[in-house]
Amino acid sequence: MAQPYAGELLGRFIAGSDWAAIPPALRQEGVRSILNHVGCALGVAKDPAVLTALGVMRGLSARPAATVYGQGVKLDAMGAAFVNAIAGNLLDYDDTHLNTVIHPAAPVAPVCLALAEQRGLSGAQVLHAFLLGGEVECRIGNAVSPGHYARGWHITSTCGAFGAAAAAAKLLGLSATQCWHALGIASSQSAGNVENLPSAAKNVSVGNAARLGLFAALLAEAGYEAAPAAIEGPLGWARAMGDAPDMASITEGLGESWEIARTTYKPYPAGIVFHAVVDACLALREARPAPPEAIEAVEVAGDALLLARGDRVVRNNRDARVSIHHAAALGLVRGRAGVPEFEQPAVDDPVLAEFRGKVTAKLDAELPRGAARVTVRYADGTLAETLVTDPRGSEANPLSEAALDAKYLDNAALGGFAERAPAQIAAIRALEAAPGVGTLMALLG
């Protein structure tokens, strides 16, 4: 008997999932992830990239039905999902699934909230669909990692299209077969490249993952079909976009072990692999405070992904968020790494710029992903070294509820929403019991 297709099994999983069977801890993780996502998006509500995307989509939008976070306007569901996904990902402050470096919420949460607002769905339905969408995108990401990313595909965007389609399919109440077709259609909407990471084009592909994933589900709802093996076929998505896909990782333990439960949250607005660098440098600075001129050289050791992401000249704030050199400079010179430390004034700070020149990076293939070892050579010839394997916010060292709330408040204040932020937090944390999302979206408008 032929083995079922991956998309077929995922379709059954999506359509057959029962909210009552979702463990309370996983439900809470969904709340944490949506809270983190919305806060990150509000922090950049006034950013030109967000406002430009909004302006373009306003000219294309059909009947306004879904709120754009922090803008006081509504667009159609696809337009709102596009802009809100861009905003959620823009600061590089969003949640992360470390094994794939997917940011699960940005392509999925905006779709869930937009559809729920448009169709009058409950908060529990939002959380359920969000968790299923995140699970699908992370499992598909596992199947093609790490070769997919190494080939230049921006995995949040490419796999996010599947997550958005899965979440939308659940909210639309599609059958198992329709869910399967939605994923197959999404496989042809999947795009985004790593070369664009230093530009807002990166965020466009994340917005498209949300918009086009929703589009795929709507087409499936209307009767469109996809090839049965659109994901794993000889000319399907996984083989076109990966080296040797591990298809078993998509379906093994489906509904029993949850990849989305492994979501981590960033204490610093930078690529996840740089957090250990910041933590190590902060620890070295605390142990031996020293002015920049007293430090002669800094060596950062890490795995291949750290070096691949971090070996770039720092010209702008986007470069800063994916720079080993800038992360080390912030930890050792400024002793902090909040949003302002990754903005253009910090990039242009001559003290930081000079210090970045003292930092070198080397490969240590023995170190696990997300770890870093930092060695400082002082001007007097002495050395100090620190190894961080579990940085703040990681799966083994998670951010507390209080820390997530504090991060939200900081981001909301950056966007000009400090007064509304406590009520927004309360509404998100009460999402599971909410009969609809109207109150929440009014607070976010």
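The values are calculated or read from the model by the stated rules, or taken from the named source; none is laboratory data. Nothing here was measured: the structure is a model prediction, and the numbers come from that model. A quick note on method: Cβ atoms are made from the backbone with ideal geometry, for glycine too, and the neighbour counts reach across all protein chains shown. With ligands, DNA and RNA removed, areas are computed over all heavy atoms of the protein, side chains included. Shrake-Rupley method; radii C 1.70, N 1.55, O 1.52, S 1.80 Å.
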Given only helices, namely DSSP H runs of n ≥ 4 each adding -39500 (n - 2.57), what is the per-residue ellipticity at 222 nm of the chain, to the nearest 500 deg cm²/dmol?
-15500 deg cm²/dmol
In the chain, taking the dipole from +1 charges on Lys and Arg beta carbons and -1 charges on Asp and Glu beta carbons about the Cα centre, the listed residue (Phe82, Gly271, Ala329) farthest towards the positive end is Phe82
Give the relative contact order (percent, whole number) for the chain; include only Cα pairs under 8 Å separated by 6+ residues.
21 percent
Measuring from the longest principal axis of the C-alpha atoms of the chain, the long axis of helix 24-43 (C-alpha) lies at a number of degrees, nearest 10, equal to 70 degrees
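Assuming R0 = 25 Å, what is the FRET efficiency of Ala365 and Ala244, from their Cβ-Cβ distance, to the nearest 0.05?
Values: r = 20 Å, r/R0 = 0.79.
Approximately 0.80, to the nearest 0.05.
Between Leu235 and Glu293, 0.36 nm times their residue separation minus their Cα-Cα distance comes to what?
Details: separation 58, 0.36 × 58 = 20.88 nm, distance 5.68 nm.
My answer for the length gained is 15.2 nm.
Please give the FRET efficiency for Ala222 paired with Ser257, using the beta carbon to beta carbon distance and R0 = 30 Å, rounded to the nearest 0.05.
Numbers: r = 34 Å, r/R0 = 1.13.
Efficiency computed from Cβ-Cβ geometry: 0.35.
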In Å and on Cα atoms, what radius of gyration and Dmax does the stretch 127-185 show?
11.8, 36
Output for the stretch 1-51: trypsin sites (Lys or Arg not before Pro) sitting in coil per DSSP, at most 13 other Cβ within 10 Å, listed by number, reads Lys46
At a 1.4 Å probe, what is the % contribution of carbon and sulfur to the accessible area of the chain?
55 percent
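Kindly count the pairs of lysines across the chain whose alpha carbons are less than 21 Å apart, treating pairs on different chains or eight or more residues apart as eligible. List each step's numbers first, then the result.
Details: Lys46/Lys74; Lys46/Lys202; Lys46/Lys407; Lys202/Lys266; Lys266/Lys407.
Summing the qualifying lysine pairs gives 5.
Under a point-charge model restricted to the Cβ atoms of Lys and Arg (+1) and Asp and Glu (-1), what is the dipole moment magnitude of the stretch 1-87 relative to its Cα centre, in debye to the nearest 20? Don't skip to the end; give the middle numbers.
Details: 7 positive and 5 negative charges, 51 e Å.
With only Lys, Arg, Asp and Glu charged at Cβ, the dipole is about 240 debye.
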How far is the Cα center of the stretch 77-113 from the Cα center of the stretch 6-32, in Å?
19 Å
Heavy-atom surface of the chain, accessible at 1.4 Å and reported per residue (Å²)
37 Å²
For helix 201-221, what angle does its Cα long axis make with the longest principal axis of the chain, in degrees from 0 to 90 and rounded to 10?
20 degrees
Given charges at beta-carbon only (K, R positive; D, E negative), |dipole| of the chain in Debye
820 debye
Amide N of the stretch 142-166 lying under 17 Å from the label point, which is placed 7 angstrom from the Cα of Ala304 along Cα→Cβ:
142-155
Ranked output for segments 331-339, 265-273 by mean other Cβ atoms within 10 Å, highest leading, reads 265-273, 331-339
Put +1 on the Cβ of every Lys and Arg and -1 on every Asp and Glu Cβ in the chain; which of Leu115, Gly357, Ala283 then has its Cα farthest towards the positive end of the dipole?
Leu115
Highest mean first, what order results for 2-9, 180-187 on Cβ atoms within 10 Å?
180-187, 2-9
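If you count, for each residue, the other Cβ atoms within 10 Å and average over each peptide, how do 212-221, 109-118, 66-75, 384-393 line up from highest to lowest?
Working: 212-221: 25.8, 109-118: 29.4, 66-75: 22.0, 384-393: 17.9.
Result, highest mean first: 109-118, 212-221, 66-75, 384-393.
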Which values, in whole Å and largest first, are the semi-axes of the equivalent ellipsoid of the stretch 175-307 obtained as the square root of 5 times each eigenvalue of the Cα gyration tensor?
42, 17, 15
Starting from the Cα of Glu385, step 7 Å along the direction of its Cβ; do the same at Ala2; then give the gap between the two resulting points in nm.
5.7 nm
Compute the angle between helix 275-287 and the longest alpha-carbon principal axis of the chain, please, reported from 0 to 90 degrees and rounded to the nearest 10.
30 degrees
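How much of the DSSP bridge set in the chain is antiparallel, in percent, rounded to the nearest 5? Provide the component values of the computation, followed by the final result.
Details: 18 of 23 bridges.
Rounded to the nearest five, the antiparallel share is 80 percent.
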Normalised radius of gyration for the stretch 291-445, please: alpha carbon Rg relative to 2.2 N^0.38 Å, two decimal places.
1.30
So between Ala403 and Ser175, what do we pick up on full extension, going 0.36 nm a residue minus the alpha carbon distance?
78.1 nm
Select from Ala353, Ala372, Ala161 the residue whose mean-square fluctuation is largest in a Gaussian network model of the chain (Cα-Cα springs shorter than 10 Å).
Ala353
